[in-house]
Amino acid sequence: MKEYIEVDEWKIIERGFNPQHNKISESIFSLGNGRMGQRANFEEAYSGDTLQGNYVAGVYYPDKTRVGWWKNGYPEYFAKVLNAANWIGIDVLIDGEQLDLAKCQVSSFSRELNMKEGYLKRTFTAKTTAGKMVDVETVRFCSMADDETGAIKYTISPVNFSGKITLTPFIDGDIANKDSNYDEKFWDEVKKEIWGDGGYIQLRTKKTGFEVATGMLFTILQNTVPVHLFSTTFEKEKYVAAKVELTVKQGESASVIKYAANLSSQNYPAAELSVNLKQTLTRIRKKGFETMLAEQAEAWSGKWKHNDIIIEGDAAAQQAIRFNIFQLNQTYTGEDDRLNIGPKGFTGEKYGGSTYWDTEAYCVPFYLSTADQKVTKNLLLYRYKQLGKAIDNAKLLGFKNGAALYPMVTMDGTECHNEWEITFEEIHRNGAIAYAIFNYVRYTADEAYLADYGLEVLIAIARFWSQRVNWSADKQQYVMLGVTGPNEYENNVNNNWYTNKQATWCMQYAMDAVEKVKQAAPAKYAALVSKINFNEAEETAKFKDIVAKMYFPYDEKERVFLQQDGYLDKEQILVKDLPATERPINQKWSWDRILRSCYIKQADVLQGIYFFEDQYDLDTIRRNFDFYEPRTVHESSLSPCVHAILAAKLGDEARAYEFYLRTSRLDLDDYNNDTEDGCHITSMAGTWMSVIEGFGGMRVKDGKLSFQPFLPGKWRSFSFHIGFRGALLNIKVSKDGVQIKNLSGSETTVWVYDKEQLVKPDDELLVEA
Ligand code: BGC
């Protein structure tokens, strides 16, 4: 755990230069706007420890899988989001000496991520080996208002000399992915151009043929006044640059404002990219840096209006929750149904930028409550559009009749996991995808979604489960063999309780949805039946039989659902009795030892109880929580939030708060020693859930919002916004009770502490605890 980030309610601040933490800071201070994003690399050269990262959403490369012995069913490739052209680069020479913070003496360094207005600012003083000192200030952002663009203002002032400052803004596309399987570069050059005050390169990805044009236009200022100076241009393969030399007096300044844009062939015909790019660059330069920055602040203010959580009395918790919300908004805006949410967003290469079950299981609740309905709908449509590939994927593995197995890891619908027994066997992801449909319909009441898209997915998933189980003559029940549950520290187990639960729930929900759609949209139902060849009588009879006769492992002595067959054969040494020196076990133990142990990486049985809590009484929840919590090591960032919500439900406020702290400052304090790889974006949605569903006790019950809040001991109050079926509510929990403000024109009814309350437009009411 590291605690070098300064606490501030609206900013993330690093004061003092910490080269040993540079890669962590590059992750934490990342910028993005849903369409593109980047790590917080420096504009000027840096020969120290760094992980360069610029990413364009949806642009990926299918890197050939690397395995020892090939087996049928292995995915051909592991798709990865590409490290794309660097558009932030500005080389700086000070009287001929390169500015490189790894080689200069650095003082007064500070890096600030302004979350309120969405920009990154860095200031420092550097002394070159020749003893020349300069003050530098740089401000940059990825525009939320104009999501193909970004801008940088880089200002340098000589402190103890007058001399020559050379500024060379460049675009560099000669970039490699760190996680490339065969050390290949994935980009080819299509064309480039460079002129006096700008230039661009257009690159094409190997195999996938995406083209991305990345360009710049710049303005040079001398003491804040634009100047037109001669520049020398350079080009080499996948690289363009323009060098400008200025004579700057001591105490005066030179600045470059670099306007940049990234346009992709996903949105324009490849042949028209460069024309559109030049138009975009001209447009934003005309607008100017300050106007773009003001638009950025306005766009963020719009986001915060719906998203902010205000915590009074605990600045560290306030900073943390805002950081989580900020990063989620930077990663996914819901504008484009071809895009999704990679576990690291735009902050690193790990997990290849691919889509995991994280989206449906963790991120959907956040976007449902804090963004327009279409944002979550787009996330669902992403999977709907990939249904054909999910069916192909199942077919490859021997399933038939339109059964679908969604991939565990994907870019375009094709499975591209790279660990067979872990990720491949995590077929439970099919359940999360069905659950997200249920969650969306429950939250929005958009029943039409079922008829238009949802039911087709649900039937395909139910078909898969019905073929994946088998009848055990011995047990006289259905069983499910050879799976990995959410707990990835158990592989290839039989009858993972969570997976069996998801399977039967999906089949039941598919049958319920059949009934609903048949009633509400008979013509659409008939069309679907014929499209997918659905034999309702026969297939639902099979689903029903499985639902009725599924085997669920249970231990009579402990009276808990068993994670899987044989779980209790394991040596039961609780986590508290495990020496701290042996943790995290995934860094200290062999895989063999992990698999034989009773330790649980992340919520598994408890994940099922979280999803289906209405089916269990409090005693059952408590028994299972008390049994599994002490065995859980939380070595996935997705784990503590589920435990926080269940602890809150059980009235264990102290533990709920403990789990919340673990999730909310995970990256800011580098809890798991891995923030340098990128931030844990999808688990940030879990942090949001811990506050809203945990401390706020929010649920949707019978079409209404319901709250059972409590105030964590350290806090004076907390408040949040929730959008629900056209209403926008502000809920504030304090010692006085729960204050509800309706900020919208729609009236709504909510339950607070089991009392029903009508909240009319612009109403404000207080419900005492
Ligand atoms: C977790 C998975 C998760 C993946 C990506 C793994 O460590 O165990 O549940 O899908 O990370 O976040």
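If the condition is being basic (Lys, Arg) and within 11 Å of the ligand (Cβ to nearest atom), then region 331-346 contributes only Lys344.
Among Asn378, Asn418, which is more than 16 Å from the ligand (Cβ to nearest atom) and surrounded by fewer than 24 Cβ atoms within 10 Å (Cβ to Cβ)? Before the answer, list the steps.
Values: Asn418 fails: more than 16 Å from the ligand (Cβ to nearest atom).
Just a single option satisfies the conditions, and that option is Asn378.
Close contacts from region 612-641, counting a first residue that is of a type in the set (Lys, Arg) and a second that is at pLDDT 95 or above and within 16 Å of the ligand (Cβ to nearest atom), with Cβ to Cβ under 8 Å and a gap of 6+ residues or different chains, come to Arg631/Tyr599; Arg631/Ile600. From the list Asp100, Asp91, Asp146, Asp135, pick out the single residue that is within 30 Å of Thr410 (Cβ to Cβ) and of a type in the set (Asp, Glu). Result: Asp146 is the single residue among Asp100, Asp91, Asp146, Asp135 that is within 30 Å of Thr410 (Cβ to Cβ) and of a type in the set (Asp, Glu). Selection over region 421-442 of residues that are assigned to a helix (DSSP H, G or I), within 12 Å of the ligand (Cβ to nearest atom), at pLDDT 95 or above and of a type outside the set (Lys, Arg) gives a count of 1. Report, by residue number, each residue of region 224-256 that is buried (at least 20 other Cβ atoms within 10 Å of the Cβ) and more than 40 Å from the chain's Cα centre (by Cα). Listed by number, the residues that qualify are Ser231, Leu246, Val248. Of all residues in region 652-675, those being assigned to a helix (DSSP H, G or I), closer than 19 Å to Gln327 by Cα and among the basic types (Lys, Arg) number 1. Among the residues of region 676-715, the one identified as surrounded by fewer than 18 Cβ atoms within 10 Å (Cβ to Cβ), assigned to a loop (DSSP other than H, G, I, E, B) and either without any contact (Cβ under 8 Å) to a residue 40 or more places away in the chain or within 16 Å of the ligand (Cβ to nearest atom) (or both) is Asp702.
Condition check: closer than 30 Å to Asp669 by Cβ, touching a helix residue (DSSP H, G or I) at 6+ places or on another chain (Cβ under 7 Å) and within 16 Å of the ligand (Cβ to nearest atom). Does Glu349 satisfy that?
On the way: closer than 30 Å to Asp669 by Cβ: yes; touching a helix residue (DSSP H, G or I) at 6+ places or on another chain (Cβ under 7 Å): no; within 16 Å of the ligand (Cβ to nearest atom): yes.
So Glu349 does not fit the description; no.
Of everything in region 185-201, what is surrounded by fewer than 22 Cβ atoms within 10 Å (Cβ to Cβ), at pLDDT 95 or above and farther than 12 Å from Lys236 by Cα? Give them in sequence order. Even if it seems obvious, please write down each step before you answer.
Narrowing region 185-201 to residues surrounded by fewer than 22 Cβ atoms within 10 Å (Cβ to Cβ): 185, 188-191, 193-197.
Checking which are at pLDDT 95 or above leaves us with 188-191, 193-197.
Answer for region 185-201, where residues must be surrounded by fewer than 22 Cβ atoms within 10 Å (Cβ to Cβ), at pLDDT 95 or above and farther than 12 Å from Lys236 by Cα: Asp188, Val190, Trp195, Gly196, Asp197.
Please verify whether region 18-32 includes one or more residues that are touching a helix residue (DSSP H, G or I) at 6+ places or on another chain (Cβ under 8 Å), in a strand (DSSP E or B) and not polar (S, T, N, Q). Among the residues of region 18-32, at least one is touching a helix residue (DSSP H, G or I) at 6+ places or on another chain (Cβ under 8 Å), in a strand (DSSP E or B) and not polar (S, T, N, Q), which makes the answer yes. Which one of Glu515, Glu490 is out of contact with any strand residue (DSSP E or B) (no Cβ under 6 Å at 6 or more places or on another chain) and either part of a loop (DSSP other than H, G, I, E, B) or within 16 Å of the ligand (Cβ to nearest atom) (or both)? The conditions single out Glu490.
The values are calculated or read from the model by the stated rules, or taken from the named source; none is laboratory data. All of these numbers come straight from a predicted model, not from anything done at the bench. Reconstructed Cβ throughout: ideal geometry from the backbone, glycine too, with neighbour counts over all protein chains shown.
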